[in-house]
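Read through the structure below, which is laid out as structure tokens, and then see the notes.
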Amino acid sequence: MKHALVLTLCLAASPALANRVFVTNEKGNDVTVIDSETMEVIGSYPAGNRPRGITISPDGKELYVCASDDDLVRVFNPETMEETHTLPSGPDPELFVLHPSGNPLYIANEDDNLVTVVDTQTHKVLAEIPVGVEPEGMGVSPDGKYVINTSETTNMAHFIDTESFEIVANVLVDSRPRFAQYNDAGTKLYVTSEIGGTVSVIDPATQQITTKIGFDIPGVLPEAIQPVGARVTADGKTVFVALGPANRVAVIDGETDEVIDYLLVGQRVWQLGFSPDQKYLFTTNGNSNDVSVIDVAAREVIKSIPVGQQPWGVVVAPN
Amino acid sequence: MFQRIIILLAGLAGFALPAVAQQAAEPVLIRSAVLRVDNPGLPPISRLELPTEDLGFAGARLAIEDNDTTGRFMGQDFEAVEVVATPETAAAELDKLIGEGIQFVVVLADDPVTLALADQAGDRALILNALARGDNLRGADCRFNTVHVAPSHAMIADGLAQFLVWKQWQNWFLIKGSHPQDEDLAQAFQRAAIKFGARIVEERVFEDTGGARRTDSGHVQVQKQMPVFTQRAPEHDVVIAADEADIFAAYLPYQTWDPRPVAGSSGLVPRSWHPAMEAWGATQFQNRFEKLAGRQMREADYQAWLALRIIGEAATRQQSADPAVLKDFILSPDFDVAGFKGQKLTVRDWDHQLRQPILLTTGLLMASVSPQEQFLHQTSALDTLGIDRPETECSF
């Protein structure tokens, strides 16, 4: 009865559902939590040493943080931000991706040229898969059959079969591939290359690069354009790419692969995270220590929110 | 039960590699050598800079590990033979390496020895200069068979000059050593001052008269001598030391007559690498090196690593082990390599110098990186550092 009342009040007050936005601060060793409705900081909570990659279980009950200098993944209760347990990750975990079902977790071990597969239920390591030098980006196909790892010094996107844990294809891309992101239909795989300054669009069926997207921003040195994080809207029509020290997020037409716009955000923009309704996109800006909020439909930056020291990764709770 | 499945890379050979050529069962070997030519001489002023047995080689070993990891996906295997020589034995060692069929030689030597080895190699091998900074090697004495991975004196001087001019510290008191390499660096600072609008108010020579260096109570002498030596200079913003021979510069900070900062060969030092550098993913690179070598990475290690990564990158991109193919590609405008400097590094076609940002470092940190963004260039901001195309004295 009491619960129902509270729920009604909440709904009346806010048609948009409030979600918690979690931001890892690489130098601050904590996670800043933001309320996606008020866009205010709720608090910041210790998250281990050098927290970088961050993700949340599909049911919203477990928050995973790569504590890179602790060589493990810390798991938090997203409501209380209390650490519930840790997961073995292999050395220097940087980025990871959850299987669409929520289990297992695929972790890139940057210092050891491995991808570690961890069961989120049993907390056991299921496999260690040798990949190229400095594995970083981790993407998963919507059907969960393939995990993509990018290796920054080898300059490849490795296609890993999630059943056999074996590499089935390697695609050579431009220098320092940082991130791999499928569209929801599974028809396109976007791989960003930080030093190459491009995004390779890969056809997952043939594992061939179909297009290389370049960027050109008036008044910005080409060297400063360093694509890192990428996100695709659910309809596959719009792709957002963080351009690092160019301080812009590129907006790309997901059908034509053409750049439509550049949105000015904070300094050294790294990673991106949608709100569950995809109304908002949150960006982590490592040098200005803030998060920019993009109105996805309007393609406008509507707010910047100060967070901790050197914000790195961002994820929004699904509920 | 803690169960682990280690998937061996050997198993990969059978799988389809659509974007990458199908491998033969036996990987092709790409051979190179690292030839370090040690000069007998005094130890450095600071014991923190004592040479190590594996100086340069440790960087090379990391590069071979990196190249091999990628090579496993490409069916390529890399090797670097390590050779230590003296200036007298270097030519014979080089001949021996070339005689074994090695066509890529990373050379860690001073200016004259590097030039002599380039001439000795001729068209038999590509020399990758990973130490010598002399501007003549990129100018009047340039050689087509040499790629300069180490930055030149002109580049490090320009990198520092840009920062000092940005600071509006335009009046420089230049103190140079009495060795030929000091003179080369001093000339680079003179050139940089003209190029960026600074002024050298006085140039003074610190004569190397031998002396006790790191003896007991040596600091007492330094504390008395350096203020006197730097006395009565015209008004200046900063002291610039040109001391490649490592005779006096380290003694300058806090010992100058006038309270002025020191830059150049000590104080704020322009260089290719620093073990505290953490930007652009360098942290994991430093970690990997330290795990392998058990010490911090020095410039010679970084430059040797980068030289061998150039070969590895060319082999990956060309999917070839043919030295001629790799050489052509490295010297072509299509080539670039990543070196933890936040942008792609490319080879200048007019003198085969590798374009690269210059780190400006204090003892514990990287204070800044040049090029400074205020200095513009019509083709590449990196070409604001060093000798640009219109002013080169090199003709191949």
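The values are calculated or read from the model by the stated rules, or taken from the named source; none is laboratory data. The model shown is predicted, which means the values in this text are computed figures rather than measured ones. Cβ atoms come from the backbone with ideal geometry, glycine included; neighbour counts cover every protein chain shown.
Brief remarks on what is shown
- Cβ-Cβ under 6 Å pairs, at least 6 apart or on other chains, the stretch A:221-237 side over 24 Å from B:Val369 (Cα atoms) and away from chain B (no Cβ under 14 Å), far side surrounded by fewer than 22 Cβ atoms within 10 Å (Cβ to Cβ) and aliphatic (A, V, I, L, M): A:Gly236/A:Ala185
- Of everything listed in (1) at pLDDT below 95; (2) surrounded by fewer than 17 Cβ atoms within 10 Å (Cβ to Cβ), the single unmet condition for B:Gln296 is (1).
- The stretch B:62-94, residues that are closer than 29 Å to B:Val28 by Cα, more than 14 Å from chain A (Cβ to nearest Cβ) and not hydrophobic (A, V, I, L, M, F, W, C): B:Asp77, B:Glu79, B:Glu82, B:Glu93
- For the stretch B:369-396, a tally of residues being in contact (Cβ under 8 Å) with a residue 60 or more places away in the chain, within 14 Å of chain A (Cβ to nearest Cβ) and either of a type in the set (A, V, I, L, M) or surrounded by 13 or more Cβ atoms within 10 Å (Cβ to Cβ) (or both) returns 7.
- Condition check for B:Gly122: surrounded by fewer than 22 Cβ atoms within 10 Å (Cβ to Cβ), on the phi > 0 side of the Ramachandran plot and of a type in the set (Gly, Ala, Ser): yes
- Residues of the stretch A:184-196 that turn out to be farther than 17 Å from B:Glu313 by Cα and buried (at least 23 other Cβ atoms within 10 Å of the Cβ), as a count: 4
- Within the stretch B:215-237, residues that are at pLDDT 95 or above reach partners that are among the hydroxyl-bearing types (Ser, Thr, Tyr) and surrounded by 10 or more Cβ atoms within 10 Å (Cβ to Cβ) with beta carbons closer than 8 Å, at six or more positions or on different chains, in the pairs B:Thr230/B:Thr256.
- Qualifying residues in the stretch A:144-178 (those that are under 18 Å from the mean Cα position of the chain (by Cα) and not in a strand (DSSP E or B)) - the one surrounded by the fewest Cβ atoms within 10 Å (Cβ to Cβ): A:Gly144
- In the stretch B:272-320, the qualifying residues are those that are aromatic (Phe, Trp, Tyr) and touching a residue at least 60 places away in the same chain (Cβ under 8 Å), and the one that is nearest to the other protein chains (Cβ to nearest Cβ) is B:Trp280.
- Residue in the stretch A:12-33 that is in contact with a Cys (Cβ under 9 Å, 6 or more places away or on another chain), basic (Lys, Arg) and over 24 Å from A:Phe159 (Cβ atoms) present: no
- B:Ser266 being within 16 Å of the chain's Cα centre (by Cα), closer than 30 Å to B:Ala63 by Cβ and of a type in the set (Ser, Thr, Tyr): no
- In the stretch B:325-353, residue farthest from the other protein chains (Cβ to nearest Cβ) [restricted to those that are in a helix (DSSP H, G or I) and either without any contact (Cβ under 8 Å) to a residue 12 or more places away in the chain or within 30 Å of B:Pro275 (Cα to Cα) (or both)]: B:Asp328
- The stretch A:253-290: number of residues that are outside any loop (DSSP other than H, G, I, E, B), under 21 Å from A:Val97 (Cβ atoms) and not aromatic (Phe, Trp, Tyr): 7
- Inspection of the stretch A:131-142 identifies no residue that is away from chain B (no Cβ under 11 Å), under 22 Å from A:Val259 (Cβ atoms) and either assigned to a loop (DSSP other than H, G, I, E, B) or aliphatic (A, V, I, L, M) (or both).
- Counted as qualifying within the stretch A:9-121 are the strands (runs of 3 or more DSSP E) with 3 or more residues that are of a type outside the set (A, V, I, L, M, F, W, C), namely A:20-25, A:30-35, A:41-46, A:51-56, A:83-88.
- A:Ala180 being more than 13 Å from chain B (Cβ to nearest Cβ) and closer than 26 Å to A:Gly266 by Cα: yes
- Residue check, B:Ala279 farther than 23 Å from B:Pro43 by Cα, assigned to a loop (DSSP other than H, G, I, E, B) and small (Gly, Ala, Ser): yes
- Lone qualifier among B:Ala140, B:Ala192, B:Ala116 - being surrounded by 22 or more Cβ atoms within 10 Å (Cβ to Cβ) and of a type in the set (A, V, I, L, M): B:Ala192
- Selection status of A:Ile34, over 16 Å from the mean Cα position of the chain (by Cα) and crowded, with 17+ Cβ neighbours inside 10 Å: yes
- Residues that are closer than 17 Å to A:Ala246 by Cα and among the hydrophobic types (A, V, I, L, M, F, W, C) were ranked within the stretch A:294-319; the one that is surrounded by the fewest Cβ atoms within 10 Å (Cβ to Cβ) is A:Val301.
- With respect to being closer than 23 Å to B:Arg309 by Cβ, away from chain B (no Cβ under 13 Å) and touching a residue at least 40 places away in the same chain (Cβ under 8 Å), A:Thr211 falls outside the description.
- Count of residues meeting criterion [at pLDDT below 95, in a loop (DSSP other than H, G, I, E, B) and of a type in the set (A, V, I, L, M, F, W, C)] in the stretch A:208-224: 2
- Qualifying positions in the stretch B:97-113 - buried (at least 24 other Cβ atoms within 10 Å of the Cβ) and either without any contact (Cβ under 8 Å) to a residue 24 or more places away in the chain or among the aromatic types (Phe, Trp, Tyr) (or both): B:Phe104
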